[in-house]
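Engineer: The structure is given below, and queries will be raised subsequently.
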Amino acid sequence: MKPGKVNLRNLTTCLFLVIGVTLFAQDKTKPNVVILATGGTIAGSAASGTQAGYTSGQVNIDAMINAVPDAKKLANITGEQLSNVGSQDMSFEIMLKLAKRVNELLASKEISGVVITHGTDTMEETAYFLNLVVKSDKPTVLVGSMRPSTAISADGPLNLYNGIAVAADPKSKGHGVMLVMNDWIHSAQSLVKVSTTAVQTFMSPLRGLLGTVAYGESEFYRIPHNKFGAQSEFTVDGITALPRVDIVYGCTDMPADLIDASVERGAKGIIIAGVGNGNMTKAALEACARAAKKGVVVVRSSRVATGNVGRNVEVDDDKLGLIASYDLNPQKARILLTVALAKPRKMDEIQNLFYQY
């Protein structure tokens, strides 16, 4: 190496080692938990503690950690700010970055678990995405809040405390990606947001809770039944972008033009948020069949809150070349199809993925 030049690779390695020693030399008897912050209401602030309106992503990760000092009794905690957006602006670019960082952290023997702070609007989509592509049995826990940090009785600090407790708990291993809010532990497979404003906004109506956590004491009831984590075939290695998949909402007198427009705009897949058991008007169904003949993968899901969309029940999926979503709602069906279409697959292979995941 020439005089005056710096070997960046060696410098980066040294810095990582120094930082790692500094971060986790606090107490070797405690687990090490890393918090990855992405923004959301939990990092939001308002001019008043009683107003409904607020701005997401205003509080950084250091301030959030300092708001729950007792959490440092549970684990050695460090934080990283990956983004600071309201989750309505969550993107696949951020999700890919997040997934790669989670995989990197959990591959380290020093790290016991990861907590992710996230807005609630699209939390179920990020959680389900991570459940497909995080290749570890160590806990990944998403936390958020329905009230900003400046609100009277803000729910964020206790949710973060409980999320850290779950991530640090050896019993959490092997449960896949979880969401911890309002004392409940949800699986990424089953959770759904059901209220626009209530603090108990997340439910798991089909499969039930994974467990509960009260002031850092967690109890688990079950393990998710579908594939996830190390069992999953999906990966984000080498992936920098994902294909376009649209959602078209079903309704009375549903026209066909939105489906045709998705095809024309380059969608590789379309999710129909159908009525009832994934149903739609005759015109919309014919448009779906046209799309399928052009190689666009069309999945029938439902706008109904609970229940499965079965294959070949009221619609002849075999004849039309369509996919049934089973228990995945439209937003999660979109995540699964997006990840699945990252490589070429046959229709029966894609349908089988909806059975398995």
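The values are calculated or read from the model by the stated rules, or taken from the named source; none is laboratory data. Everything numeric here is computed off the predicted structure, so don't read it as measured data. Quick reminder, even Gly has a Cβ in these numbers, built from the backbone with ideal geometry, and neighbours come from all protein chains shown. All accessible areas refer to the heavy atoms of the entire protein, side chains included, with ligands and DNA or RNA removed. Shrake-Rupley method; radii C 1.70, N 1.55, O 1.52, S 1.80 Å.
Engineer: So which of Lys138/Lys343; Lys171/Lys332; Lys109/Lys138 end up more than 21 Å apart by C-alpha?
Structural biologist: Exceeds cut-off: Lys138/Lys343; Lys171/Lys332.
Engineer: With angles folded into 0 to 90 degrees, how steeply does helix 347-356 sit against the dominant principal axis of the chain? Use alpha carbons for both and round to 10.
Structural biologist: For 347-356 against the chain, the angle is about 50 degrees.
Engineer: Between Leu209 and residues 5 or more places away or on another chain, which pairs have amide H atoms under 5 Å apart, with H built 1.01 Å from N, and which residues are they?
Structural biologist: Placed amide hydrogens put nothing under 5 Å from Leu209.
Engineer: For the chain, with every protein chain kept in place, what is the accessible area per residue (1.4 Å probe, Å²)? List each step's numbers first, then the result.
Structural biologist: On the way: 16600 Å² over 357 residues.
Solvent-accessible surface per residue comes out at 47 Å².
Engineer: In the range 226-357, what percent of the accessible surface is made up of carbon and sulfur (1.4 Å probe, ligands and nucleic acids excluded)?
Structural biologist: 49 percent
Engineer: Short version: ³J(HN,Hα) in whole Hz for each residue of the range 128-138, in order, from phi by Karplus 6.51 cos²θ - 1.76 cosθ + 1.60 (θ = phi - 60°), x for Gly and Pro, what are they?
Structural biologist: 5, 4, 5, 4, 7, 10, 7, 9, 8, 8, 5
Engineer: Measure nothing fancy, just the Cα-based angle from helix 282-293's long axis to the longest principal axis of the chain, in degrees from 0 to 90, nearest 10.
Structural biologist: Long axis of 282-293 versus the principal axis of the chain: about 70 degrees.
Engineer: When the Cα centres of the range 71-125 and the range 185-213 are compared, how far apart do they sit, in Å?
Structural biologist: Here the two parts' Cα centres lie 19 Å apart.
Engineer: Can you tell me which of 145-152, 161-168, 339-346, 90-97 comes out highest on packing, and rank the rest after it, using the mean Cβ neighbours within 10 Å?
Structural biologist: Going by the mean number of other Cβ atoms within 10 Å, highest first, we get 161-168, 145-152, 90-97, 339-346.
Engineer: Roughly how tilted is helix 8-24, in degrees to the nearest 10 and between 0 and 90, from the longest Cα axis of the chain?
Structural biologist: 70 degrees
Engineer: Here's a follow-up. Would you work out if the range 79-191 is rounded, prolate or oblate? Take a ≥ b ≥ c from the square roots of the eigenvalues of the alpha-carbon gyration tensor; rounded if a/c is under 1.5, else prolate when a/b is larger than b/c, oblate otherwise.
Structural biologist: Cα axes put the range 79-191 in the oblate bin.
Engineer: In the range 101-196, what percent of the accessible surface is made up of carbon and sulfur (1.4 Å probe, ligands and nucleic acids excluded)?
Structural biologist: With neighbouring chains kept in place, the figure for the range 101-196 is 52 percent.
Engineer: Sticking with this structure for a sec: How high is the relative contact order of the chain, given as a whole-number percent (alpha carbon pairs under 8 Å, six or more residues apart)?
Structural biologist: Relative contact order of the chain: 13 percent.
Engineer: Give the label of the value calculated from the structure for volume of the Cα convex hull per residue in Å³, choosing from (i) 135; (ii) 164; (iii) 124.
Structural biologist: (ii)
Engineer: Next up: Identify the trypsin sites (Lys or Arg not before Pro) of the range 237-327 meeting these criteria: DSSP loop state and at most 16 other C-beta atoms within 10 Å of the C-beta.
Structural biologist: Qualifying residues, ordered by number: Arg244, Arg265, Lys294, Arg303.
Engineer: Right, here's the next one. What are the aspartates and glutamates whose alpha-carbon lies under 19 Å from the alpha-carbon of Lys193, with same-chain residues fewer than 8 places away excluded?
Structural biologist: Within reach: Asp89, Asp121, Glu124, Glu125, Asp155, Asp183, Asp327.
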